[in-house]
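Some notes on the structure that comes next.
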Amino acid sequence: MYAQPVRVAMWSCSRNLSTATMRAWSRRPDTVVVDEPLYAPWLVATGAPHPLRDEICRTHETDWRAVVAALCGPWPAPVVYEKHISKHLLPHMDRGWLATHRHAFLIREPRAMLHSFARKLERVTVEETGLPQQAELWQWLADHHGTAAPVVAAADLLADPEGILGQLCAALGLDWAPEMLAWPPGIAPTDGVWAPNWYDAVTASTGYGPPRSAPLPPLPPALAAVEAACAPAWEFLSARRLRPRSPA
């Protein structure tokens, strides 16, 4: 067991390639991954009517303090990669533990995220996207810890997975591992019990797919309003993102 592994917290929104990126990190020979450890505490605190809510709360730890204690404890690998959804870090949760981690952010253009979200949930709010929470947390980390956490945009990751992942590893003080570019299909043993509802695309994949070439259609009015409300957070984080390599 490693008493002081490198602890990487990746703060994402849902529908942001977050599970594919967790798959990539799971392929590193030096890394174990953790899938949304604050999801069950968030469900209990908010009462959000997500699919499989009862099963998630029965199966996963619902006390955020116990989750944090486990994340900050020993692990059987020198690197721990935690896939977090930014909205799961609620205001009543103490943030002192964040000082023990290295942080990164995974973002996606709001229109693409909202089109994907709408296929899973009947109603999507600004808070449900998690984008404003991402921007607030990035700034909080900068203010309290003096860190400029690396930001990865999903479209850039699809355009240049090796280049972006390589930059991300370097920014986190870790060596590049080419194993990150491919993974086996199917449900992984580290997936949360919510995987059958949310992970259909990634379970059919074996690596990052090509970037989307066709423009997305406009959103219906209710989601267009959410898109507009997300724009300031998106622009703030996008300006700080890692950039793909120039084509040869």
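The values are calculated or read from the model by the stated rules, or taken from the named source; none is laboratory data. Computed from a prediction, not measured in an experiment: that's the story for all the values here. FYI the Cβ positions are ideal-geometry reconstructions off the backbone, even for glycines, and counts take in every protein chain you see. Ligands, DNA and RNA are stripped out before the accessible areas are found, and what is left, the full protein with its side chains, is counted by its heavy atoms. Shrake-Rupley method; radii C 1.70, N 1.55, O 1.52, S 1.80 Å.
Tabulated data
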{"read-out": "Residue in the stretch 181-216 that is most open to solvent (accessible area, probe 1.4 Å), counting only those that are outside any loop (DSSP other than H, G, I, E, B), under 17 Å from Arg27 (Cβ atoms) and touching a residue at least 40 places away in the same chain (Cβ under 8 Å)", "value": "Leu181"}
{"read-out": "Matching residues in the stretch 217-240 - criterion: being surrounded by fewer than 18 Cβ atoms within 10 Å (Cβ to Cβ) and either of a type outside the set (A, V, I, L, M) or in contact with a strand residue (DSSP E or B) (Cβ under 6 Å, 6 or more places away or on another chain) (or both)", "value": "Pro217, Pro218, Pro220, Pro221, Pro232, Glu235, Ser238, Arg240"}
{"read-out": "Unmet requirement for Leu98, which otherwise passes all of (1) in a helix (DSSP H, G or I); (2) among the aliphatic types (A, V, I, L, M); (3) surrounded by fewer than 18 Cβ atoms within 10 Å (Cβ to Cβ)", "value": "(3)"}
{"read-out": "Wholly within the stretch 1-74, helices (runs of 4 or more DSSP H) carrying at least 1 residues that are surrounded by fewer than 19 Cβ atoms within 10 Å (Cβ to Cβ)", "value": "39-46, 53-59, 64-71"}
{"read-out": "Hey, Met93 buried (at least 23 other Cβ atoms within 10 Å of the Cβ) and either free of Cβ contacts under 8 Å to residues at least 24 places away in the same chain or out of contact with any Ser or Thr (no Cβ under 6 Å at 6 or more places or on another chain) (or both) or not", "value": "no"}
{"read-out": "Complete set of residues in the stretch 150-180 that are open to solvent by 20 Å² or more (accessible area, probe 1.4 Å), touching a residue at least 24 places away in the same chain (Cβ under 8 Å) and part of a loop (DSSP other than H, G, I, E, B)", "value": "Gly173, Leu174"}
{"read-out": "Evaluation of Val80 against (1) within 30 Å of Ala214 (Cα to Cα); (2) in contact with a Lys or Arg (Cβ under 7 Å, 6 or more places away or on another chain); (3) in a strand (DSSP E or B); (4) not small (Gly, Ala, Ser) (one fails), failing number", "value": "(1)"}
{"read-out": "Residue within the stretch 106-125 that is among the aliphatic types (A, V, I, L, M), surrounded by 15 or more Cβ atoms within 10 Å (Cβ to Cβ) and in a loop (DSSP other than H, G, I, E, B) present", "value": "yes"}
{"read-out": "Neighbours by Cβ (under 9 Å, 6+ apart or cross-chain): first from the stretch 38-57, within 18 Å of Arg95 (Cα to Cα); second open to solvent by less than 10 Å² (accessible area, probe 1.4 Å) and aromatic (Phe, Trp, Tyr)", "value": "Tyr39/Trp194"}
